[in-house]
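The values are calculated or read from the model by the stated rules, or taken from the named source; none is laboratory data. Predicted model only: the values in this text are computed from it and were never measured. Methodologically, a virtual Cβ is constructed for each residue, glycine included, from the backbone with ideal geometry; neighbour enumeration extends over all protein chains shown. When the accessible area is computed, the model is the full protein with side chains, heavy atoms only, and any ligands, DNA or RNA have been set aside. Shrake-Rupley method; radii C 1.70, N 1.55, O 1.52, S 1.80 Å.
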Amino acid sequence: MTHKRFSLLLCVAAATALAGMPSVLTAAPSEPVAGELQGAESLPNAWFVQLSSAPAADGTSAAKLASEKNAFRSAAKKAGAKFTERYAFDTLWNGLSVTASRSDIAKIRTLTGVTAVWPVAVIEAPPVEASSSPELFTALAMTGADVAQSELGYTGAGVKVAVMDTGIDYDHPDLGGCFGPGCRVAYGYDFVGDAFNADPGSPAYNPTPVPDTDPDDCGGHGTHVAGIVGANGTVKGVAPDATLGAYRVFGCNGSTTADIMIAAMERALADGMQVLNMSIGSSFQWPQYPTAQAADRLVNKRMVVVASIGNSGANGLYSAGAPGLGRKVIGVASFDNSHVALTTFTVTPAGLTIGYTNATAAPPAPTTGSLPLAKSGTPATANDACAAFAPGQFAGQAVLIRRGTCAFHVKALNAQNAGAAAVVLYNNAPGRVNPTVAGVPAITIPVVAVSDTEGVAINNAITAGAQTLNWTATLGSFPSATGGLISSFSSYGLSPDLTVKPDIGAPGGQIYSTYPMELGAYATISGTSMASPHVAGAAALMLQAKPRTNSQIMRTILQNSADPKPWFGNPALGFLDNVHRQGAGMLDIDDAILATTKVEPGKIATGESEAGPYTETLKVENNGDADVTYDLSHAPALATGPNTFTVGFFNGPATVAFSAPSVTVPAGGSATVDVTITANAGLADLSQYGGYIVFTPQGGGQTYRVPYAGLKGDYQSKPVLTTGGTGFPLVGRATACVRVIGFECINGSFAVPAAPATFTMTDAFNVPQLLVHFDHQSRRFRVEIFDQNGKTWHRAYNDEFMPRNSTATGFFAFPIDGTTFGGNGNKTWTLPDGTYYAKISVLKALGDDNNPAHWETVNTASFIIDRP
C-alpha cells in the first residue's frame, strides 16, 4: 500500500505540498491525467501486526505477551505466511513489526489473535538551514518562561526531558559539553546510525539500522530542539537546568520509520524520563496509529508526552499528525515569534539599519563591502523587475525590487542580466517573505529579502538621493509583523475522529537556538518542531514547581491558563483564531505554575451536531485557601467552512448556555457546572466551529478557559472518493519510478491507457495501478476484484484508518499484483488471465460498518490480465 509522504515537522514554504514528490502524469498515446502522486510514504512491505492483549503498560504479564507472540509465529508458519521480524514490542504496544509481501500479510490479517495490521510509516527529515542568530529570549517572554525563571526561580532542575530526534550535539557548550552520567545530556541511544535512510525514493536509501550507544547529532534538528528545551549558555532555553536524554532515530540525512520511534519511546521509559518531546509527525493521520497509541501509554506511565502537530497548514483542514493526535499527547501548534534576529546591512547616508534573509538558491550575502543602491522602477508600486532591463543598466549595483507580478527567479535574473551585483527584494504585503530564486539559469549574485516597510524606506531614500548599501556581520532584533499570531504553516485539526487538536500553541516561527558546532553552533529555524519543545520545557518547569503533577492532568493545567490569540488573517477585527488551529491558545507557563484552580475536562469535543446540542459537565477544583466565585461567559472563535483544501473563515458563533451564570468553589473543594453548546444554524454543513468557556473570578484574579470545538451537521455526509478534478479512480500504468520494490512504484509517474488496458503482471510497470483520490480520511478502505461477468474474486485491499490526500488533486497508487484474499479464513487466490474491474469501497470516518449510508462505493474501468 502507498501513502502520503510523512515529514519531520520543520517549516517549509507555505505553498509547498507536504506530500509525496509531485509528478506530472503524462504518457502519450495514453490519456493524460493531472494531479500529484502522493505515494511510497510507508516502508515497502513493512507492517505493524497488532495482537489481542493490551501491552505491559496496561498490566498484561510478560508471560502472556510472550505466549501471544509465540502463538502468532506458530500460526503464521502453519498458514504458510512468510515474514521477517523487525521489532517485537511488549511495553507500550503489543505486537510486531514485520517485513512481508502483501499476499503474506493478507494471510497474517486473518490469524487468530491478530487485531489490526498497519503500514510502517516513513517519517522524512528534510534539510535545515543554519544561520548565526544566537538568541531565544523573545520567544521565552511570549510564554512567560522568562518570568518563571527569573521571578519564580524555576529552571527545570532535577527533571529529565527526552528529545526523540536527530540526536543532540552534546559537545556544544550550551548543552553541557559532554555525554553520560553527570552531564546535561545524561541519557540517550542511537537507534539507526549515520547512514540510515528509510526513504525508498532517496538515492541514499539504506533502511538497515546500525544502532550504537552514541546519540551525537549530524543532522542539526535535534540539537536545535534540545536548545529550546534546555540550553544554558549563549542561548538559554525554557528549562536551562533540566537533564536531557537524546534518542536518535534519524541518520545524518533522510528518513526514519514508525517502529523505530516506538522502540525509542520504550527506551525513554526504561531510562525514567519524565517528559518526552517528539518534534516528529505523520500528517493526515489518525489517533489510532501505533505511534499515537504508544505515546498515550507513556502518559499512562507518568510521562508527559509533547509532540508537534504538523506543518501542513497550507494543505487545509484535518491535516494534523500522529503522534501529536494521540488522545493523551499534548499536540502543539506554532505561533510566530514576536521578534526575529537577522543579519543586517546599512543604507547610508540615510542612516537605515535593515535586517535581511538570504533567498534560497542564491549565494549568501557577504558580511563586508559596499555597493551603490538603485531601484528597478518608479514609482514604488511599479518597480517589480518583471521585464528585461537594458544591458549594463545596473552594473555593479544592488537593485531594490518589489515583490509581485512575476516569480522571484524572473526578477533576480533580469537584474543579474543587467549587471547587478546584488538584489534586495521587499514584500508587497505586511511582514517578511522567505523567497526562493531557484531556476534555470542559476542566480549567481546575492539575493536578500526585507520587509515591506523596510523596502519602502529604502525606496524613499533612493528617491531622495544617492544611497550606498553596506554589508555587515552585525545581528539586529526586529519586530515581526506576524508576531504572536498562528504561523502560516501550522496544521489545522480537527482530528479525523473529531477530537480537539491541536491542544495548545507556542512560539515556533523564527526561533533561534543551538546547532551542531561543526554546522555553525546556532541556527534560525521555523516549524511546529520549534513550538513543541517550548511546551516540553514548560512541563519541566511545572514538574519542578509542583513535582506531584500527574502526567494525565498536565495538559489540562496548561490549557486552562493559555491565552487565545486573534485571527491571523486580520487581527484588528477582534475575532479569535480557530480552536482547531491554535487549541487553547498561547502557552502561559508562569500563570500555569501559579494557578490555584483547575477545570476539567481541559477541552470539549462536541462532535457532529446532527444529534443536536451538546452538554458537558465541567468540574471546577479550587486548591487555594479562599472561596472563589467565577462568572461564566463564552468567547467564540472563528469557524471554517466545509472545503478541506481551500479554507474559508466565518463568524458563525455557537450558542452556549450555562446551568448557572456563576459558580462558587469552596477553598480546597470543587463544584460543577453544565455547559450546553449549540452549533450556529447559519453555518454550512461540515463547517468546523469552536470557542472558549471563560471562568472570570469576581473581585479579580486569574481567568481560566476551556476550549471547545465541533462539526456542524452530519459528518458522514463528507465525501471521500471524489474525482480530484481528473476522474479518479483511474486504472493507471507506471511509466517511470525512482525506485521499484516488488510491485510498488516509488515516487513515480503514471499513464492512464484507454480501457480496457492489458497488463502482463510481470513487474511494477505491467500491473494495474489503481489511482485513487481521498478527499478525507476514511475508517476502512476495501478493494474487491470482479470479473467481467460480475463473479467476485475477493479482496485485494482491506486497510483501516486511511489518511487523506494532501491536495485536492493528489492521489495514491495501489498496485494490483494478481493476488486476492478472502474476507475470513486465510485462503488466497491468484487471478487467472481475463477481464476484470475493481470495486473500491470506503467506510466514512466515525461511520457505522453496518450502515450502508456510511459507505461510499465506486467501480473502476475494466482491465485485462494477459500473462506471457
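Let's see how each residue does on (1) out of contact with any strand residue (DSSP E or B) (no Cβ under 7 Å at 6 or more places or on another chain); (2) free of Cβ contacts under 8 Å to residues at least 40 places away in the same chain; (3) surrounded by 19 or more Cβ atoms within 10 Å (Cβ to Cβ); (4) not hydrophobic (A, V, I, L, M, F, W, C):
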position	(1), (2), (3), (4)
Pro430	yes, no, no, yes
Trp471	no, no, yes, no
Ser487	no, no, yes, yes
Ser490	no, no, yes, yes
Gly505	no, no, yes, yes
Note: among Ala270, Ala226, Ala242, Ala231, just one is open to solvent by 10 Å² or more (accessible area, probe 1.4 Å) and either over 26 Å from the mean Cα position of the chain (by Cα) or touching a residue at least 40 places away in the same chain (Cβ under 8 Å) (or both), namely Ala270
Look at Phe759 and say whether it is in contact with an Asp or Glu (Cβ under 6 Å, 6 or more places away or on another chain), in contact (Cβ under 8 Å) with a residue 24 or more places away in the chain and open to solvent by less than 10 Å² (accessible area, probe 1.4 Å).
no
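Going by the conditions given, is Lys328 more than 24 Å from the chain's Cα centre (by Cα), at pLDDT 95 or above and of a type outside the set (A, V, I, L, M, F, W, C)? Talk me through it step by step, then tell me what you get.
Working: more than 24 Å from the chain's Cα centre (by Cα): no; at pLDDT 95 or above: yes; of a type outside the set (A, V, I, L, M, F, W, C): yes.
No, not satisfied.
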Would you confirm, using the coordinates I've provided, whether Lys82 is open to solvent by 50 Å² or more (accessible area, probe 1.4 Å), in a loop (DSSP other than H, G, I, E, B) and either within 30 Å of Ala270 (Cβ to Cβ) or at pLDDT 90 or above (or both)?
yes
Residue check, Ser532 of a type in the set (S, T, N, Q), under 30 Å from Met802 (Cα atoms), touching a residue at least 60 places away in the same chain (Cβ under 8 Å) and not in a helix (DSSP H, G or I):
no
Residue selected from region 800-835 under the condition among the β-branched types (Val, Ile, Thr) and in contact with a strand residue (DSSP E or B) (Cβ under 8 Å, 6 or more places away or on another chain), by the criterion nearest to Ala734 (Cα to Cα):
Ile816
Which of (1) open to solvent by less than 60 Å² (accessible area, probe 1.4 Å); (2) within 25 Å of Tyr522 (Cβ to Cβ); (3) touching a Ser or Thr at 6+ places or on another chain (Cβ under 9 Å) is the odd one out, the single condition Cys178 does not satisfy?
(3)
Exception for Ile401 within (1) surrounded by 15 or more Cβ atoms within 10 Å (Cβ to Cβ); (2) in a loop (DSSP other than H, G, I, E, B) falls at (2)
Those strands (runs of 3 or more DSSP E) completely within region 662-722 that have 3 or more residues that are touching a residue at least 24 places away in the same chain (Cβ under 8 Å) and either more than 23 Å from Ala562 (Cβ to Cβ) or among the β-branched types (Val, Ile, Thr) (or both) are 662-665, 670-678, 688-697
Do we find a residue being among the polar types (S, T, N, Q), in contact (Cβ under 8 Å) with a residue 60 or more places away in the chain, out of contact with any helix residue (DSSP H, G or I) (no Cβ under 6 Å at 6 or more places or on another chain) and open to solvent by 10 Å² or more (accessible area, probe 1.4 Å) anywhere in region 813-824?
yes
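Every residue, every condition in (1) within 13 Å of Ala106 (Cα to Cα); (2) of a type outside the set (Phe, Trp, Tyr), yes or no:
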residue: Arg782; (1), (2): yes, yes
residue: Pro803; (1), (2): no, yes
residue: Phe814; (1), (2): no, no
residue: Trp829; (1), (2): yes, no
residue: Pro832; (1), (2): no, yes
residue: Ile840; (1), (2): no, yes
Exactly one of Gly483, Gly508 is assigned to a loop (DSSP other than H, G, I, E, B), modelled with pLDDT under 95 and under 17 Å from Leu587 (Cβ atoms), and that residue is Gly483
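From the list Phe750, Phe728, Phe774, exactly one residue is open to solvent by less than 30 Å² (accessible area, probe 1.4 Å), among the aromatic types (Phe, Trp, Tyr) and either under 30 Å from Thr655 (Cβ atoms) or not in a loop (DSSP other than H, G, I, E, B) (or both). Which is it?
Details: Phe728 fails: either under 30 Å from Thr655 (Cβ atoms) or not in a loop (DSSP other than H, G, I, E, B) (or both); Phe774 fails: either under 30 Å from Thr655 (Cβ atoms) or not in a loop (DSSP other than H, G, I, E, B) (or both).
Answer to the check: Phe750.
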Conditions: (1) surrounded by 13 or more Cβ atoms within 10 Å (Cβ to Cβ); (2) over 36 Å from the mean Cα position of the chain (by Cα); (3) touching a residue at least 40 places away in the same chain (Cβ under 8 Å). Ile840 meets all but one. Number of the miss?
(2)
State all residues of region 432-456 that are over 32 Å from the mean Cα position of the chain (by Cα) and surrounded by fewer than 21 Cβ atoms within 10 Å (Cβ to Cβ); if no residue qualifies, say none.
Pro441, Thr444, Ile445, Val456
Could you say whether any residue in region 643-654 is among the aromatic types (Phe, Trp, Tyr), under 33 Å from the mean Cα position of the chain (by Cα) and under 24 Å from Asp563 (Cα atoms)?
yes
Does region 820-828 include one or more residues that are at pLDDT 95 or above and outside any strand (DSSP E or B)?
no
Taking region 516-566 and the residues there that are among the β-branched types (Val, Ile, Thr) and within 21 Å of the chain's Cα centre (by Cα), the one that is most open to solvent (accessible area, probe 1.4 Å) would be Thr524
Pro363 versus (1) crowded, with 24+ Cβ neighbours inside 10 Å; (2) in a loop (DSSP other than H, G, I, E, B): which is the lone unmet condition?
(1)
How many residues, within region 414-428, are within 30 Å of the chain's Cα centre (by Cα) and open to solvent by 40 Å² or more (accessible area, probe 1.4 Å)?
1
